[in-house]
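Structure first, then comments.
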Amino acid sequence: MSEQVPPVGPPDLAPQPEQASAAGGSAPAAGSGRAQVVTAAAGDAVSPSSASSDHASVDRASTASPAAADTADVIVVGAGPAGSAVGYYLASAGLDVLMLEKTSFPREKVCGDGLTPRAVKALTAMGVPIAEKDGWLRNKGLRIIGGGGRIELDWPDLSSYPGYGMVRQRTDFDQILARHAEKAGARLIERANVISPIVDDRTGRISGVTTKDGRQFRGRLVVAADGNSSRLSIAMGLHKRDDRPLGVAVRTYYTSPRHDDDYLEAWLDLWDGRSLLPGYGWIFGMGDGTSNVGLGLLNTSTGFGEIDYRDLLRRWLAAMPAEWGFTEENRTQPVRGAALPMGFNRTPHYTGGLLLAGDAGGMVNPFNGEGIAYALEAGEIAARVITQALARPAAAGRERVLKTYPQQLKDAYGGYYTLGRIFVDLIGKPSIMQFCTRHGVKRPAVMRFTMKLLGNLTETRGGDAVDRLLNAVSKMTPAA
Ligand SMILES: Cc1cc2nc3c(=O)[nH]c(=O)nc-3n(C[C@H](O)[C@H](O)[C@H](O)COP(=O)(O)OP(=O)(O)OC[C@H]3O[C@@H](n4cnc5c(N)ncnc54)[C@H](O)[C@@H]3O)c2cc1C
C-alpha cells in the first residue's frame, strides 16, 4: 500500500480540502488502488496474456523523511516520447519540471522505429533537429503488400503535414528527445524508478512520488508518462479498460540488403492456419545495414492470447526471398515484444493532480499501431493545460483548467478512436479482413483513402473530398 504523507514544500502545493472538493477533486487515494508490478517496461518482453491484464503485487512506499524530498512545479514520471514532450514544453514555458526515468540513456525500447509525417510534424514543432546528416533516415511513403497485390503510396501532399516520414532507432531517438527537453531547462534524473505515489490523505490528491531507492519528489502536479504498464496510474486506481482495443507486437533486426528502402513496408498476409489475422507485418529499412522487422496483432482475433508471436514471425519470414537475408544468422537482436494500448484504454486522463500522457493513457492509434506521434502530441496538450492551470492563483481555478485536459484529448482524437474501435472489431473477423485485403490493395484510389484514414493524415482545414469526408465522420462520431 502507498504511504500517505502530509504535503511539504511551498504553501500552495496542495489545495485545501474544501477547495479540492469544491472543484470535485476526488482522486482515488493511493491506498485504495494497489501499487502493482507490471512487466512491459521499455525494452521488456511481454506475453499476450500479461499485455492484456494488470498484475497485482503490492509495493510499500519508502519511509524516507519527507524533508529529503526534491520539489518542482511538475513531476513527470517516464522520459519516453510523452514524458520528454511534456518536459520540453513545460520548461519552455518557464516552469520547473523534473523528469524521473527508471532507465538510463541510451537504452533499448521495443518498437518498429517508424515515424509517420504526423510524428515528423510533432518533432518539428518541438524544434528537434532532424537533418538527414544527423542520422534521421527519411522515407517517401508506404508500400502495402497483401491479397496478391502490391502498391506503393507516397505520403499525402498536405499543408498540415510534411510529405515524408522517418525511421530512427529508439535507442537514439528517446535519448535525443530527453536531452532536448533538458536543453530547454527540464531537469532529468535517470535511474529513478518510481514505485508509488505520495497521496495527501486530506485531499486524496497526488503530491509527489517515491522511488525504489527511497527518494521522494514533490510537485504541484504529476504526469504519468510511464508507458503501457503505468505503475503510477495503477497505484492511483486507474486500470486498463477491457472495452478498448489492445495490440501486441514483436520485432527484431536483421542485416539485410533491404536496409535502405525509401518506403516503409507493410504486409497484410498474416495467417493462422486458414484465418487471416487482424494486423500486419512490417519491414522498415534502418539505413545502417539492418532492417527492423516485426508484426503486430489486435486482440479482436479469436486466437489472441494463444498465438505464438515468435513462431508467427518465423513462419512469415520463411516465405520471404532468401536474398533479403531474414535468417537466424543475420538476426542482430533478440525478438522482443510489448503491448500497444489503444483508443484511450486507460481513463480518466486527469484526476486528483495526476495527468496521463502517451501509452500510460492508452493513446496508440487503433488503426495502425502508431504511438509516438500521439505521445508527443498528448505531451504538448498536457503541458499547455498545466501551464495555464498553474498560472491561476486559486486552487479551484487551477482545477477547472486541469479538468479540460480529458476533453481536449477527446476533441483531438475521441471520434477518430471510436471509429478505430469499430475498425478493429470488423477486421477481427477473418472474412472481412480477407475481403478488404483482396479487394482493397489492388485499387489505388481505395488505398489512398485508406492511407489517409489509417494514418490520420488529413488536412485539418479544407483539403480534398477525402479529407473533408474523413474529418466530418471523425467529428460526427461520438468520442468514447
Ligand atoms: C513492437 C512495437 C512496435 C512499435 N512500433 C511503432 C512504430 O513503428 N511507430 C510508432 O509510432 N509507434 C510504435 N509503437 C508504439 C510506441 O512504441 C509507443 O506508443 C510509444 O513508445 C509511447 O511513448 P510513451 O512515452 O508514452 O511511452 P514509452 O515509450 O513506453 O516510455 C515510457 C518511459 O517511462 C519509463 N518508465 C516506466 N516505468 C517507470 C517508472 N516506474 N519510473 C520511472 N520511469 C518509468 C520507461 O523506462 C520509458 O522510458 C510500437 C510498439 C511496439 C510494442
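Results, tabulated for the structure shown:
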| read-out | value |
| --- | --- |
| Residue that is nearest to Arg220 (Cα to Cα) [pool: residues in segment 348-365 that are within 12 Å of the ligand (Cβ to nearest atom) and in a loop (DSSP other than H, G, I, E, B)] | Ala357 |
| Index of the failed condition, Ile386 passing every other in (1) away from the ligand (no atom under 16 Å from the Cβ); (2) over 15 Å from Ala82 (Cα atoms) | (2) |
| Members of segment 284-298 found to be closer than 18 Å to Lys140 by Cα and either open to solvent by less than 10 Å² (accessible area, probe 1.4 Å) or within 13 Å of the ligand (Cβ to nearest atom) (or both), listed by number | Phe284, Gly285, Met286, Ser291, Asn292 |
| Segment 235-252 residues that are closer than 25 Å to Asp113 by Cα, paired with ones that are polar (S, T, N, Q) and in a strand (DSSP E or B) (beta carbon under 9 Å, 6 or more apart) | Arg251/Asn292; Thr252/Asn292 |
| Among (1) away from the ligand (no atom under 16 Å from the Cβ); (2) open to solvent by 10 Å² or more (accessible area, probe 1.4 Å); (3) over 30 Å from Ile432 (Cβ atoms), the one test that Arg336 misses | (1) |
| Matching residues in segment 388-401 - criterion: being open to solvent by 80 Å² or more (accessible area, probe 1.4 Å) and assigned to a helix (DSSP H, G or I) | Gln388, Arg400 |
| Residue in segment 402-413 that is hydroxyl-bearing (Ser, Thr, Tyr) and open to solvent by 50 Å² or more (accessible area, probe 1.4 Å) present | yes |
| Any hit, segment 371-379, residues being closer than 30 Å to Leu277 by Cα, of a type in the set (Val, Ile, Thr) and within 16 Å of the ligand (Cβ to nearest atom) | yes |
| Any hit, segment 308-316, residues being without any contact (Cβ under 8 Å) to a residue 60 or more places away in the chain, over 15 Å from the mean Cα position of the chain (by Cα), farther than 27 Å from Ala82 by Cβ and assigned to a loop (DSSP other than H, G, I, E, B) | yes |
| Answer from Ala266, Ala192, Ala249 - the residue that is part of a strand (DSSP E or B), near the ligand (Cβ under 9 Å from one of its atoms) and among the aliphatic types (A, V, I, L, M) | Ala249 |
| Tally of residues being over 13 Å from Lys183 (Cα atoms) and more than 8 Å from the ligand (Cβ to nearest atom) across segment 81-92 | 1 |
| Members of segment 195-211 that are over 24 Å from the mean Cα position of the chain (by Cα) and either within 11 Å of the ligand (Cβ to nearest atom) or modelled with pLDDT under 95 (or both) | Asp200, Asp201, Arg202, Thr203, Gly204 |
| Residues being of a type outside the set (Val, Ile, Thr), farther than 27 Å from Val74 by Cα, at pLDDT 95 or above and part of a loop (DSSP other than H, G, I, E, B) - total across segment 98-145 | 6 |
| Residue under evaluation Val466, criteria (1) closer than 27 Å to Leu409 by Cα; (2) open to solvent by 70 Å² or more (accessible area, probe 1.4 Å), criterion not met | (2) |
| Segment 438-451 residues that are touching a residue at least 12 places away in the same chain (Cβ under 8 Å), paired with ones that are among the aromatic types (Phe, Trp, Tyr) and surrounded by 15 or more Cβ atoms within 10 Å (Cβ to Cβ) (beta carbon under 9 Å, 6 or more apart) | Met451/Trp155 |
| Flag for Tyr253 being open to solvent by less than 40 Å² (accessible area, probe 1.4 Å), touching a Phe, Trp or Tyr at 6+ places or on another chain (Cβ under 8 Å) and under 30 Å from Phe284 (Cα atoms) | no |
| Residue match in segment 49-65 (condition: at pLDDT below 95, under 16 Å from the mean Cα position of the chain (by Cα), within 11 Å of the ligand (Cβ to nearest atom) and surrounded by 22 or more Cβ atoms within 10 Å (Cβ to Cβ)) | yes |
| From the options Ser229, Ser256, residue that is hydroxyl-bearing (Ser, Thr, Tyr) and farther than 21 Å from Gly141 by Cβ | Ser229 |
| Residue count, segment 72-103 (criterion: among the β-branched types (Val, Ile, Thr) and over 11 Å from Gly219 (Cβ atoms)) | 2 |
| Tally, over segment 154-174, of residues that are assigned to a strand (DSSP E or B) and more than 16 Å from the ligand (Cβ to nearest atom) | 1 |
| Tally, over segment 105-140, of residues that are out of contact with any helix residue (DSSP H, G or I) (no Cβ under 7 Å at 6 or more places or on another chain), surrounded by fewer than 19 Cβ atoms within 10 Å (Cβ to Cβ) and under 29 Å from Leu270 (Cβ atoms) | 1 |
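Listed here are the residues, each with its yes/no results for (1) at pLDDT below 85; (2) out of contact with any helix residue (DSSP H, G or I) (no Cβ under 9 Å at 6 or more places or on another chain); (3) over 30 Å from Ile75 (Cβ atoms).
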position: Leu390; (1), (2), (3): no, no, no
position: Gly397; (1), (2), (3): no, no, no
position: Gln408; (1), (2), (3): no, no, no
position: Thr418; (1), (2), (3): no, no, yes
position: Phe435; (1), (2), (3): yes, yes, yes
position: Gly440; (1), (2), (3): yes, no, yes
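The values are calculated or read from the model by the stated rules, or taken from the named source; none is laboratory data. This structure is a prediction, so every number in the text was calculated from the model and none was measured. Note that we place each Cβ from the backbone using ideal geometry, even for glycine, and neighbour counts take in every protein chain shown. What goes into the accessible areas is simple: the full protein's heavy atoms, side chains included, and nothing from ligands, DNA or RNA. Shrake-Rupley method; radii C 1.70, N 1.55, O 1.52, S 1.80 Å.
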